[in-house]
Amino acid sequence: MSLVWKLLRQHISIGQFAGFTLANLIGMAIILLGLQFYLDAAGIFSSKDSFMKKDYLVVSKQVGSLKDLVKNGNEFSDAEVIRLKQQEFTQSLGAFQPADFHVSASLGMDDLGLNFSTEMFFESVPDEFIDIQSSEWVYEPNSNMIPIILPRTYLNLYNFSFAQTKGLSKLSEDMFKMITIQIHISGSGMHDTYQGQIVGFSNRLNTILVPQQFMDWANNKYGKGEPVPPSRLILEVKNPTDDAIVKYFQEKGYETEDDKLDQGKTTWFLKTMVGIVMGVGVLITALALYILMLSIYLLVQKNTTKLENLLLIGYSPARVALPYQLLTIGLNALVLVLALALVFVVRGEYLHLLRALYPDLVAGSVGTVFLAGVALFVLVSLLNMLVIRQKIAVIWKLKD
C-alpha cells in the first residue's frame with residue numbers, strides 16, 4: 001500500500017485540494033449552521049412573536065361619512081367575498097361571523113377584589129385561521145361550557161394598566177385560564193346563562209372568539225334566523241409584496257388592521273432570506289464536490305500510465321483505487337470536524353444574543369446537527385469512492 005501511494009502521489013496538487021477543502025468547509029458549515037440555528041430558535045419560531053408562522057390580513061371596509069355608512073353599510077356581500085376569493089393573490093379566505101344575539105358577562109373573584117359585569121360581543125372564524133392549538137376548542141350543542149379565546153392585548157391591558165393602577169396582582173396566562181366567566185345570552189325571547197372558559201390568547205385576531213360550532217348553533221337558537229353578513233374578512237395571501245393587493249384594496253375601499261400588510265411583507269422577506277442562505281450552502285457544497293471530482297479525474301488522468309502498469313503487474317482495481325479513496329475520505333473527515341467546530345463557535349455567539357432577547361429560550365440539541373454532518377460525510381464519501389472506482393474500472397477495461 002505504501003509503495004503504491006508513493007508512486008501515485010507525485011501529481012497531487014496541494015492547491016486544488018486546499019481549494020476543495022475550503023469550498024466544502026464553507027458549504028457544509030452553512031448547511032449545518034442553518035440547521036442548528038433553526039433548532040435553537042424553534043421555540044421563537046413557534047412562539048407568539050414568531051415570524052415563521054402564517055400571518056393573515058384582517059380586511060374591513062373603510063368607514064366614510066354617516067350618509068355613506070347608512071347607504072352602503074360596512075358589510076361584505078356574497079359577491080364581494082367571491083370576487084376577493086378569486087383574486088390571484090388570495091391563498092385562502094374566511095369571514096368573521098358575528099353573533100346575532102345579545103351577550104353580557106359577569107365575573108367575581110373575591111380573593112382578588114374583582115367583581116364586575118360588562119357587555120360583550122362574540123365572533124367566530126373558521127378553525128384553520130385560529131393560531132391557538134387546543135383540544136378544548138370544541139363545543140357540543142346544548143353544553144353549558146363555552147370555550148373562549150381572548151386577544152392577548154386584553155391580558156396585557158389588565159396586567160400593565162388596570163391591575164397596576166388598582167394595586168391588584170398580575171395574572172399569568174395559566175391563571176387567567178382558571179377563571180370561569182358567567183356568560184348571559186338573550187335573544188328570540190330566551191335568556192340563558194353559560195360558563196365561559198378561557199382556553200387561550202390570540203396574537204393575530206383582535207376580537208373575542210368562540211368556536212364556529214357554537215356560533216352556528218347559538219345564532220340559530222337565539223338569533224333572528226337570518227344570515228348575518230360579515231363586516232370583516234380574514235385573508236391569507238400568496239405573496240404580501242404583491243402590488244396587486246394594495247391596488248385592489250384601494251380600488252374597493254378596503255383596509256387592513258394594524259398594518260398587517262407591512263408585517264406580512266417583512267415575514268415574507270425573512271422567510272425568503274432564510275431559504276436563500278440555505279440554498280447558497282447547498283450550492284457551495286455541490287460546487288466543492290464538483291471541484292473534488294475534477295481534481296480526482298485530473299490526478300487519475302495524469303497517472304493513467306502508472307495505473308495501467310500497476311494493473312498489468314497484478315494489482316486489483318480496488319487496491320489501485322484505495323489510495324485516492326482514502327485521500328478523499330480524509331479530506332471529507334477534516335471538513336466535517338472543522339465545520340462542526342465552526343458551528344459550535346458561531347452558535348455560542350448567537351445564543352448569547354438570542355437569550356438576551358428571549359431569556360426563557362430553550363436551545364435545541366446539537367446531536368441532530370452532528371448526525372446530519374456525519375450523514376453528509378458518509379454520503380459524500382460514498383459518492384467520491386464510487387466515482388473513483390468507476391474511473392479505475394475504465395482504465396482496467398482499456399488495458400485489455
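Taking the conditions (1) buried (at least 18 other Cβ atoms within 10 Å of the Cβ); (2) not in a helix (DSSP H, G or I) in turn, Asn219 satisfies each one other than (2).
Taking the residues in the stretch 354-400 that are polar (S, T, N, Q) and either within 15 Å of Gly330 (Cα to Cα) or open to solvent by less than 20 Å² (accessible area, probe 1.4 Å) (or both) as candidates, determine which candidate is modelled with the highest pLDDT.
Going residue by residue through the stretch 354-400, those that are polar (S, T, N, Q) are 365, 368, 381, 384, 390.
Restricting the remaining residues to those that are either within 15 Å of Gly330 (Cα to Cα) or open to solvent by less than 20 Å² (accessible area, probe 1.4 Å) (or both) gives 381, 384.
Details: Ser381: 83, Asn384: 77.
Taking the candidates together, the pick is Ser381.
With respect to the conditions (1) modelled with pLDDT of 80 or more; (2) open to solvent by 20 Å² or more (accessible area, probe 1.4 Å); (3) touching a strand residue (DSSP E or B) at 6+ places or on another chain (Cβ under 7 Å), Leu235 falls short on a single one, namely (2).
Filtering the stretch 170-190 to residues that are surrounded by 12 or more Cβ atoms within 10 Å (Cβ to Cβ) and assigned to a strand (DSSP E or B) leaves Thr180, Ile181, Gln182, Ile183, His184, Ile185, Ser186, Gly187. So, Thr193, is that one in contact with a strand residue (DSSP E or B) (Cβ under 8 Å, 6 or more places away or on another chain), without any contact (Cβ under 8 Å) to a residue 12 or more places away in the chain and either of a type in the set (A, V, I, L, M, F, W, C) or open to solvent by 10 Å² or more (accessible area, probe 1.4 Å) (or both) or not? Judged against the criteria, Thr193 is a match.
Can we say Leu157 is at pLDDT below 90 and either under 17 Å from Phe121 (Cα atoms) or open to solvent by less than 60 Å² (accessible area, probe 1.4 Å) (or both)? Here the answer is no, as Leu157 does not meet what is asked.
The values are calculated or read from the model by the stated rules, or taken from the named source; none is laboratory data. If you're wondering where the values come from, they're calculated on a predicted model, not measured in any experiment. All Cβ positions, even for glycine, are placed from backbone atoms using ideal geometry, and neighbour counts span all protein chains on display. When the accessible area is computed, the model is the full protein with side chains, heavy atoms only, and any ligands, DNA or RNA have been set aside. Shrake-Rupley method; radii C 1.70, N 1.55, O 1.52, S 1.80 Å.
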